[in-house]
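Have a look at the structure below before the remarks.
Values quoted throughout were computed directly from the atomic coordinates according to the rules given, and no laboratory measurement underlies them. Note that this is a predicted model, so its numbers are computed, not measured. When we count neighbours, we look across all protein chains shown, and the Cβ atoms used for this are built from the backbone with ideal geometry, even at glycine.
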Protein chains: 2
Amino acid sequence: MKRQSIYILLLTLLTCFEVIAQQLSSPDGDVVLEISINSNGTPSYQLFFKDKAVIKSSKLGFTLKESENLDNGFIILDSETSTFDETWKPVWGEESEIRNHYNEMLVKLKQESTGRLMNIRLRVFDEGVGFRYEFPEQPNLGHFIIEDEKTQFAMTGDHTAFWIPGDYDTQEYDYTESRLSEIRELMDKSITENLSQKSFSSTGVQTSLMMKTDDGIYINIHEAALIDYSVLHLELDDENMVFNAWLTPDVQGTKPYMIAPANTPWRTVMVSDDARDILASRMTYNLNDPCVLEDTSWIKPVKYVGVWWEMITGKSSWAYTNDFKAVKLGVTEYGTATPNGTHGATNKRVKELIDFAALHGFDGVLVEGWNVGWEDWFGHSKDYVFDFVTPYPDFNVDEIQAYAKSKGVEMIMHHETSSSVRNYERHLDAAYQFMKDHGYNAVKSGYVGDILPRGENHYSQWMINHYQYAIEKAADYEIMVNAHEAVRPTGIARTYPNLIGNESARGTEYQAFGGSKPNHVTVLPFTRLIGGPMDYTPGIFEMDISKLNPNNNSHVNSTIANQLALYVTMYSPLQMAADLPENYNKFLDAFQFIKDVAVDWDKSVYLEAEPGSYITIARKAKGTNNWFVGNVNGKQTRESNISLDFLDKDKKYTATIYADAKDANYKTNPQAYTIRKMKVTNKTKLSLNSVEGGGYAISIMEE
Amino acid sequence: MKRQSIYILLLTLLTCFEVIAQQLSSPDGDVVLEISINSNGTPSYQLFFKDKAVIKSSKLGFTLKESENLDNGFIILDSETSTFDETWKPVWGEESEIRNHYNEMLVKLKQESTGRLMNIRLRVFDEGVGFRYEFPEQPNLGHFIIEDEKTQFAMTGDHTAFWIPGDYDTQEYDYTESRLSEIRELMDKSITENLSQKSFSSTGVQTSLMMKTDDGIYINIHEAALIDYSVLHLELDDENMVFNAWLTPDVQGTKPYMIAPANTPWRTVMVSDDARDILASRMTYNLNDPCVLEDTSWIKPVKYVGVWWEMITGKSSWAYTNDFKAVKLGVTEYGTATPNGTHGATNKRVKELIDFAALHGFDGVLVEGWNVGWEDWFGHSKDYVFDFVTPYPDFNVDEIQAYAKSKGVEMIMHHETSSSVRNYERHLDAAYQFMKDHGYNAVKSGYVGDILPRGENHYSQWMINHYQYAIEKAADYEIMVNAHEAVRPTGIARTYPNLIGNESARGTEYQAFGGSKPNHVTVLPFTRLIGGPMDYTPGIFEMDISKLNPNNNSHVNSTIANQLALYVTMYSPLQMAADLPENYNKFLDAFQFIKDVAVDWDKSVYLEAEPGSYITIARKAKGTNNWFVGNVNGKQTRESNISLDFLDKDKKYTATIYADAKDANYKTNPQAYTIRKMKVTNKTKLSLNSVEGGGYAISIMEE
């Protein structure tokens, strides 16, 4: 990294306010960050985009527990500026090379009354800014406990926001699109039931938060590199339209315990007048540390099927028996229990899935409900809920391992922790070793229900440390992790690319729990996906869930074409074909797209984007000249006009277009699609119609 | 186990109270337990000793959280009686064979309104009773949460008690001797400072609680087999002199989480008109399950010295440097730190201790402060406080291992957890493996300070499960555990004899923190030692602590003869000679007793005992014909008259008597002792004078 002092520091001394302002611009000059100290010694910042204010003057600092606050009395000791421009290669991703280009300013502050030092490091990219607090090693600050982080994000107006309720335990909410001023009145309605949830304010919302101003500026607030800290939420002062940082507390109501030297995560604000720039940004990854794993050859993107949707829909069960009032592992006798006849993870069913995966070229098969304990797995604050190594009597680990191997398919492990986190940590080594011994290289972990240690929150520092611990230990075993109900990602997969997925949002499962909004998937890439890939588990072809389970009347609010498009628009190195083989077998022509689509990419082109309305993305499959295009459409029928000018001008291609049929309707006629093949070149322009909750998918194969 | 119905059941139907009483007697008939159900269906019990009431009618049952209580509405479905008589051999102990002889009654209760089943199992021994609640597997009771255990112990009068304040985190208190009616007024004074403490009531006391009635009956209340439950405390209703069970809550204020089938620990009441019977009782062990370890050959009693007292007194330090405001393991750079010059655990000092141990025939050397982190180890709710494998720069693990081996001495590991329990569990496998790799077979663990997970208590179910986890995992590694600041023992060492010691009371360290009462050691065998051995760390010869550290004016309230006696009176398979080699070298004649005394026994004879006043015990060293006698004396000078009739009548012995000198005084002249040798036989009678805080020790070697 070259360190240059090439930026003009505007040192403006205004007599009446005693403000000292320093400015830092993005490489292209469009984004300008200004940092100031007022007469009380409180630092603040402002953000401008193309000369317009995006964030008004917003305070920085902390109140501390049992110690003087770190929110006033500061002077600027020094500031250093530098620029950074580097291109790095992710292990997997939306593109094979990522440019990390920013200007940086390190503002060194000293609190005069205490002698304590606090630095603010700011990085300005073309698509936004990141800043964090740094506490260097120093004589006057060792341990400290944050009572509140006082970082503000002062909005310039009553923007439109795509938000979910602030919560210490879950992000599994539908997005609400509203004015900021409407959040308070819409809060109650937006809080839908979850097995673990704790909201904190009627104007509290989660990050990443996507907004749009009336003059067409897109703003996204999130955080990057959340390590050893608690999750950032935002609480809106809706009189002044100022978001205040709201950290997730621990069981005693306290916020992060800090020891200098330490840094906070980065607070990020993306800004653009083109929504596509938000999707294309790699700022969140760039603010994370480079990969620390020496060997990453064992990390591979995975397309998989599994024994899962049948349990989610209620067609079959995770549990093996209905005999038990409660289960005590090691005491409860499974050998003599009566099988309930609905258990999903049987040898027979798993072999069918392995056969299906092998037939259609999938990499892996996930099996949930393979291990004892599911008869009594949540709702009782149970400590010893699973041991992660003992299979049900009708699931033969060795037999399945051998069968999968014979078919060239990898088995994917499932570790539901039921949020009994001490228990999981106690079993983690044995569980990971069991995986290695039985040929499993990837695990889907789950954190359903309230956390044990009791009273802890899914998003408190205690739990952030746990998720990180599980990822790092998995890396020791060369295991890939896909953590569900864990904290939403903040780009940590750059540093630990074995974190190949997360749920941490309202996934496809909710389509079997009453349904999600038809435009849900036009919001997620602007929010949840900012920090990393989501194991959204797309690919549902049978939208009428009662066809799987007569007692479940849920409806999947999506067309089949929309489901196909998700493999492109919802970027993930881990993609499931979530529906049952039986349902795919009815639509093998559409299923072909899922078989063809890649899960790792050389390049991504963001063709169209408007949060809540539509997203169209083209991606070039890694190491090939084949492209895949996906369009998801929101709340109203729309014509998508795209040019294939991203194709190589010297090459010829065959495109297969999977689109909504004219009469497709996500509610009444979701399985109506058309498939057509055509020759295309980089001159081709396409005009395609997508219905509400619909879309299209295109495979473009080099001839 | 033979099952016999040999006891007459008195089925007394009293019209007005509808009481159904059933009686069960001890094998010798002196102890009688009566169980009844009143007209509300509330079970209760009474206890008699030699026809006198010891416990008046006392209720049994539970209130539950979010469920109907289990304290009324019961009927007796059935009751079964049986007798049991077996002799078993402990791996280590006060005697090589233990008789387990009791009559048992299993009373099967059903709550009519709910159909729930709860059994009460009662065992009556010659020296007292144990009873527990059992919840069999059943359709109507799975998970349940205890709000309060409603077990009562109704006293027959205002007894004299030896008590320490009820506390969720520590037992490190001096005992107060008072009438029950005086507890309330003496409570504040009895609560002295501790690094972690939480008292709950002005009449709350801990078990084991020793009492004496005005007519000379000794009563001891404790618990046995505390597994997967929280610690039993007692809260006195001092109007009615009824002790109510008070369980230690978890962070959310709730009591144990239960899953049927489950048992509570045993609630024990020992009773006798001879205080020696309390000391001689093995009831607590007998109520625990037999040993579950197949191979116990690696478990060996240990006499040891260590680098410890010099830190406790402040003569040297655990910490290596004074450079750091705070320590972050893995970040803090020890290599370049300035040694503080007071670090105890240096290669040089440890080798001196190894030399001293080898010279005098000790088995082991404990070293505290060998591993990085001690500069910042408590008081900040720190999570990652130690890693248990990284030594300080001046402690070379391999070099010390080789040196100790060359001298035939075992090194004893030290794991201070600082109560950061998640951190300890995360490192436990690696820490134990590190021990095995470096020749350590025993660990002293510590739990100083407030528990992490934050808000948990040392004595809550969460932590009870942790201590048990550490013991069981240690057994997997063939490691012996001596846990300090952990829960006080309840006889679990029968089942897991690798639990060779605990602190869990006010140990010798307090003699360097201001001093303990001179009669403290005449109480501990009646209280703390009821559940298992204590690593009391006796053997202090220099009572003026300022001689070690000019800044510490504490005084050890004991004579040297008293210190010697402790090796006999404070039974433990783990005995430290805690003072510095330099101090022992000044009194090598007295030190000879510590060198000679055994740590494992074939037989123990309780010659004299009165809680708070004196204890005299003779023990036969395992596999020899040598005996050791110890007398500790309490608050006033006393003549101890003993007969050596326990000696083999056909053998001749040489006794060496280490006694208080005439002018000995625990305060002003503690180092005044006499040593005399004499021939003795089983006809010998001795009359020895012990001063306040004094005593004597005798080695009796077969000629």
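Only residues that are under 30 Å from A:Lys325 (Cα atoms), under 25 Å from the mean Cα position of the chain (by Cα) and not in a loop (DSSP other than H, G, I, E, B) were counted across the range A:358-376, and they come to 2. Against the test of being out of contact with any Gly (no Cβ under 7 Å at 6 or more places or on another chain) and either within 14 Å of chain B (Cβ to nearest Cβ) or among the hydroxyl-bearing types (Ser, Thr, Tyr) (or both), the options A:Lys198, A:Lys189, A:Lys212 yield a single qualifying residue, A:Lys198.
Scanning the range A:57-69 for residues that are closer than 17 Å to A:Arg132 by Cα and either polar (S, T, N, Q) or in contact with a Ser or Thr (Cβ under 8 Å, 6 or more places away or on another chain) (or both) yields A:Ser57, A:Ser58, A:Lys59, A:Leu60, A:Gly61, A:Thr63. In the set B:Thr213, B:Thr207, only one residue is crowded, with 20+ Cβ neighbours inside 10 Å and not charged (D, E, K, R); that residue is B:Thr207. If you go through the range B:675-703 and keep only what is aliphatic (A, V, I, L, M) and within 22 Å of B:Thr624 (Cα to Cα), you end up with B:Met678, B:Val680, B:Ala697, B:Ile698, B:Ile700, B:Met701.
Here are A:Leu186, A:Leu141: which of them is without any contact (Cβ under 8 Å) to a residue 12 or more places away in the chain and not basic (Lys, Arg)? Checking each option against the conditions leaves just A:Leu186.
Matching residues to (1) within 16 Å of A:Arg426 (Cα to Cα); (2) in contact with a His (Cβ under 9 Å, 6 or more places away or on another chain):
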position: B:His427; (1), (2): yes, yes
position: B:Gly439; (1), (2): no, no
position: B:Ser445; (1), (2): no, yes
position: B:Pro453; (1), (2): yes, no
position: B:Tyr459; (1), (2): no, yes
position: B:Asn465; (1), (2): yes, no
position: B:Gln468; (1), (2): yes, no
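Just give me the residues in the range A:72-92 being free of Cβ contacts under 8 Å to residues at least 40 places away in the same chain and charged (D, E, K, R), in sequence order. Once the filter is applied, which keeps residues that are free of Cβ contacts under 8 Å to residues at least 40 places away in the same chain and charged (D, E, K, R), the range A:72-92 yields A:Asp78, A:Lys89. Of the residues that sit in the range B:433-451 and are over 14 Å from B:Ala475 (Cα atoms) and within 14 Å of chain A (Cβ to nearest Cβ), which one is surrounded by the fewest Cβ atoms within 10 Å (Cβ to Cβ)? Top of the filtered list is B:Asp450.
Against the condition of a type in the set (Lys, Arg), surrounded by fewer than 22 Cβ atoms within 10 Å (Cβ to Cβ) and either in contact with a Lys or Arg (Cβ under 9 Å, 6 or more places away or on another chain) or more than 14 Å from chain A (Cβ to nearest Cβ) (or both), how does B:Arg132 come out, does it pass?
Against the criterion (of a type in the set (Lys, Arg), surrounded by fewer than 22 Cβ atoms within 10 Å (Cβ to Cβ) and either in contact with a Lys or Arg (Cβ under 9 Å, 6 or more places away or on another chain) or more than 14 Å from chain A (Cβ to nearest Cβ) (or both)), B:Arg132 qualifies.
Considering the range B:218-255, and only residues there that are buried (at least 21 other Cβ atoms within 10 Å of the Cβ) and among the β-branched types (Val, Ile, Thr), the residue that is nearest to B:Gly379 (Cα to Cα) turns out to be B:Thr248.
Each row is one residue, and each column tells you yes or no for (1) among the acidic types (Asp, Glu); (2) surrounded by fewer than 19 Cβ atoms within 10 Å (Cβ to Cβ).
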residue: B:Glu333; (1), (2): yes, yes
residue: B:Thr336; (1), (2): no, yes
residue: B:Asn340; (1), (2): no, yes
residue: B:Gly344; (1), (2): no, no
residue: B:Asn347; (1), (2): no, yes
residue: B:Asp355; (1), (2): yes, yes
residue: B:Phe362; (1), (2): no, no
residue: B:Gly369; (1), (2): no, no
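For every residue, the table says whether it meets (1) within 14 Å of chain A (Cβ to nearest Cβ); (2) in contact with a helix residue (DSSP H, G or I) (Cβ under 9 Å, 6 or more places away or on another chain); (3) more than 24 Å from B:Glu503 (Cα to Cα); (4) surrounded by 17 or more Cβ atoms within 10 Å (Cβ to Cβ).
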site	(1), (2), (3), (4)
B:His380	yes, no, no, yes
B:Glu410	no, yes, no, yes
B:Glu416	no, yes, no, yes
B:Arg422	yes, yes, no, yes
B:Ala431	yes, yes, no, yes
B:Pro453	yes, yes, no, yes
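Look at (1) under 19 Å from B:Glu310 (Cβ atoms); (2) more than 14 Å from chain A (Cβ to nearest Cβ); (3) surrounded by fewer than 22 Cβ atoms within 10 Å (Cβ to Cβ); (4) not hydrophobic (A, V, I, L, M, F, W, C) and you find that B:Glu375 fails only one, number (2).
Where strands (runs of 3 or more DSSP E) fall wholly inside the range B:592-703, the ranges with 1 or more residues that are over 30 Å from B:Val271 (Cβ atoms) are B:614-621, B:653-660, B:673-680, B:685-690, B:695-702. Among the residues of the range B:508-520, those identified as over 19 Å from B:Glu177 (Cβ atoms) and buried (at least 24 other Cβ atoms within 10 Å of the Cβ) are B:Thr508, B:Gln511. When residues in the range A:562-591 are screened for being assigned to a helix (DSSP H, G or I) and either surrounded by fewer than 24 Cβ atoms within 10 Å (Cβ to Cβ) or touching a Pro at 6+ places or on another chain (Cβ under 9 Å) (or both), 16 of them pass.
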